[in-house]
Amino acid sequence: MLSNKVYIIAGGVFTVLFIALAMTEFSTGYPEDGLQDLFYAALSAVAGTVLYVLDRRQRERRAAAETQRDAR
């Protein structure tokens, strides 16, 4: 299974790619497609952010559980 960092990085890469694609479509005269690509870019950025936050919380919980286990 892939780690959360791989998914976070993939979200960032997809964001950049969709923004580049949207810029291309805006410049070639397809504004509807460009807006759709910007939506996908925002969606992938949000997904990457959510994964980052969840990964951080998971690490904090693991550290707290480890500290609690060591205290016993």
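Some observations on this one:
- Residues of segment 35-49 that are touching a helix residue (DSSP H, G or I) at 6+ places or on another chain (Cβ under 6 Å) and modelled with pLDDT of 90 or more: Asp37, Leu38, Tyr40, Ala41.
- No other residue among Leu2, Leu54 is loosely packed, with under 12 Cβ neighbours inside 10 Å and modelled with pLDDT under 90 apart from Leu2.
- Residues of segment 57-72 satisfying the condition of being open to solvent by 90 Å² or more (accessible area, probe 1.4 Å) and either hydrophobic (A, V, I, L, M, F, W, C) or not in a helix (DSSP H, G or I) (or both): Arg72
- Condition check for Asp70: in contact with a Leu (Cβ under 6 Å, 6 or more places away or on another chain) and acidic (Asp, Glu): no
- The sole residue among Tyr40, Tyr7, Tyr52 that is in contact (Cβ under 8 Å) with a residue 24 or more places away in the chain, more than 11 Å from the chain's Cα centre (by Cα) and part of a helix (DSSP H, G or I) is Tyr40.
- Among the residues making up segment 16-30, those that are open to solvent by less than 60 Å² (accessible area, probe 1.4 Å), over 19 Å from Val6 (Cα atoms) and assigned to a helix (DSSP H, G or I) are Ala20, Ala22, Glu25.
The values are calculated or read from the model by the stated rules, or taken from the named source; none is laboratory data. Bear in mind that the values here come from a model prediction, so they are computed numbers and not experimental data. Glycine gets a Cβ as well: all are built from the backbone with ideal geometry, and neighbour counts include every protein chain shown. Surface areas here come from the heavy atoms of the whole protein model, side chains and all, with no ligands, DNA or RNA. Shrake-Rupley method; radii C 1.70, N 1.55, O 1.52, S 1.80 Å.
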